[in-house]
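A.B. asks: First, the structure itself, so that you have it in front of you.
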Amino acid sequence: MNLPGACGSVTSLQKPQPSGYSSDGVQCNTVRLTSIPLSMLRILTLETTCDETAAAVVTDSLEVLGSVVVSQDSLHQKFGGVVPEIASRAHLENLLPVIDETLRRAGISLTNLDAIAVATMPGLAGSLLVGLIAAKTLALVLQKPLIAVNHLQAHIYACKVAFKAELPDGGPFPCVGLIVSGGHTSLYRCNGAIDFTLLGGTIDDAAGEAFDKVAAMLGLPYPGGPSIQKAAATGNPKAYSFPRSLLHEDRLAFSFSGLKTAVRYHLFGVGDSKPGSSGAGGVSLIPPVSESEVSDIAASFQEAAVDCLVGKSVQALKQIGLSTLCVGGGVAANARFRKKLEDSAHKNDFRLYMAPPALCTDNAVMGAIAVERYQAGLFEPLDLDVSPGLVR
Ligand code: KG4
Ligand code: ZN
């Protein structure tokens, strides 16, 4: 099977170079392992929470022996968002070839594995089930332990995988963790890799959802985050003053629906939007607006969203009294966000670990968090179920 988006190398992350990751989360600039120490623990991790089908083989020293991510973007593009039924059917088609390719890149066979890990929460129910059933089957047939991965904790763990060489054994913990993706925008006190306390999150839309919806309003392709970033590159972030909801309140909460609505009102006027006049796939609502106007709106929207994310993260650090921030999730791939967060880390004197862009969007490398559960003896029975529930 042809695996779109698959990178051709097998990896050894002896010295993590976050910038060296390819678009599928594989570090491409490293050499194939010729021999694998017998004592090395090898875990197959599966990721099917949303619309990426991914697998990786990771070791207990957080080396990535192989990793494959197959994106479904092209399937969902015409709908302007993820269609759950299409997503689960695509996982069904893609998962076994993705596992085969991952093992091939790792240079090992199924019998060399020590455990099978799978993301079981949160996510789309049908998508999660495909990954879980595959993982259970492998665990049963191979008689290997089954490990459950919390997808949100895994997004933060991507920072530990990427920066393991410069982090102490315990990783970046305790830290404040910001998970900013298509389904979540939440701040956690991360006491350890698998011990999180929710500090607060969005009271309406996730940041990524706002990027996706605003992109659709502007007639830009799905996924909206990268499209907005591209359009914003030539726009003026000060062209329009969109709201930064809750930014100047003490509570650790986000709100992006007002920002999204402000863009809509800017485009259509108050009470004058015409969803019925939408374009292809029913998602493009754009009135006649010039390319430079689209760029200005994209840049002004992006600036407002980024200001909220950066501002609330700093508030969380101050309120909790911690000086380390870890950031993961698809929106954390945003270049403007990364730049403003870096500037803020210098100004406010906190340590910042951002997952490299390829490990921000969904991937199975971050499932390396399974190593922590393996070492803590946290294995699951074969009647394990998925927990799709949205955690905000
Ligand atoms: O973490 P992720 O791959 O999946 C979820 O768990 O939701 O995040 C996907 C989200 C989408 O909303 C997408 O538009 C957004 O991340 N995203 C970005 C960028 N790349 C992906 N948002 C802003 N800027 C980006 N460069
Ligand atoms: Zn995610």
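A.B. asks: Out of all the residues in the stretch 217-242, which are within 26 Å of the chain's Cα centre (by Cα) and hydrophobic (A, V, I, L, M, F, W, C)?
C.D. replies: Matches in the stretch 217-242: Met217, Leu218, Leu220, Ile228, Ala231, Ala232, Ala233, Phe242.
A.B. asks: Continuing with the same structure: Out of the residues in the stretch 163-190 that are within 15 Å of ligand 1 (Cβ to nearest atom) and aliphatic (A, V, I, L, M), which is farthest from Ala364 (Cα to Cα)?
C.D. replies: Leu178
A.B. asks: Continuing with the same structure: Among the residues of the stretch 345-367 satisfying the criterion of being touching a strand residue (DSSP E or B) at 6+ places or on another chain (Cβ under 8 Å) and part of a helix (DSSP H, G or I), which is surrounded by the fewest Cβ atoms within 10 Å (Cβ to Cβ)?
C.D. replies: Among residues in the stretch 345-367 that are touching a strand residue (DSSP E or B) at 6+ places or on another chain (Cβ under 8 Å) and part of a helix (DSSP H, G or I), the one surrounded by the fewest Cβ atoms within 10 Å (Cβ to Cβ) is Pro357.
A.B. asks: All but one of (1) closer than 25 Å to Leu325 by Cα; (2) surrounded by fewer than 24 Cβ atoms within 10 Å (Cβ to Cβ) hold for Ser109; state the number of the condition that does not hold.
C.D. replies: Single failed check for Ser109: (1).
A.B. asks: Same structure again: Could you say which residue among Ile179, Ile203, Ile228 is touching a strand residue (DSSP E or B) at 6+ places or on another chain (Cβ under 9 Å) and more than 16 Å from ligand 2 (Cβ to nearest atom)?
C.D. replies: Ile203
A.B. asks: If Lys312 satisfies all but one of (1) more than 12 Å from ligand 1 (Cβ to nearest atom); (2) outside the structural domain of Val214 (by TED's automatic domain parsing); (3) crowded, with 16+ Cβ neighbours inside 10 Å, what's the number of the condition it fails?
C.D. replies: (2)
A.B. asks: Out of the helices (runs of 4 or more DSSP H) lying entirely within the stretch 108-219, which hold 3 or more residues that are not assigned by TED's automatic domain parsing to the domain that holds Phe242?
C.D. replies: Helices (runs of 4 or more DSSP H) meeting the threshold: 125-142, 151-162.
A.B. asks: Where in the stretch 1-102 are the strands (runs of 3 or more DSSP E), entirely inside, with at least 1 residues that are under 20 Å from Val386 (Cα atoms) and at pLDDT 95 or above?
C.D. replies: 42-47, 52-59
A.B. asks: Within the stretch 182-191, count every residue that is away from ligand 2 (no atom under 12 Å from the Cβ) and either touching a residue at least 60 places away in the same chain (Cβ under 8 Å) or under 17 Å from Val331 (Cα atoms) (or both).
C.D. replies: Of the residues in that region, 4 qualify.
A.B. asks: Still on this structure, please answer the following. Test Gly123 against the criterion of being in contact with a Pro (Cβ under 7 Å, 6 or more places away or on another chain) and either crowded, with 20+ Cβ neighbours inside 10 Å or farther than 19 Å from Phe379 by Cα (or both), and give yes or no.
C.D. replies: So Gly123 fits the description; yes.
The values are calculated or read from the model by the stated rules, or taken from the named source; none is laboratory data. Since the model is a prediction, treat every value here as computed from it, not as a measurement. Cβ coordinates were reconstructed from backbone atoms using ideal geometry, including for glycine residues, and neighbour counts include every protein chain displayed.
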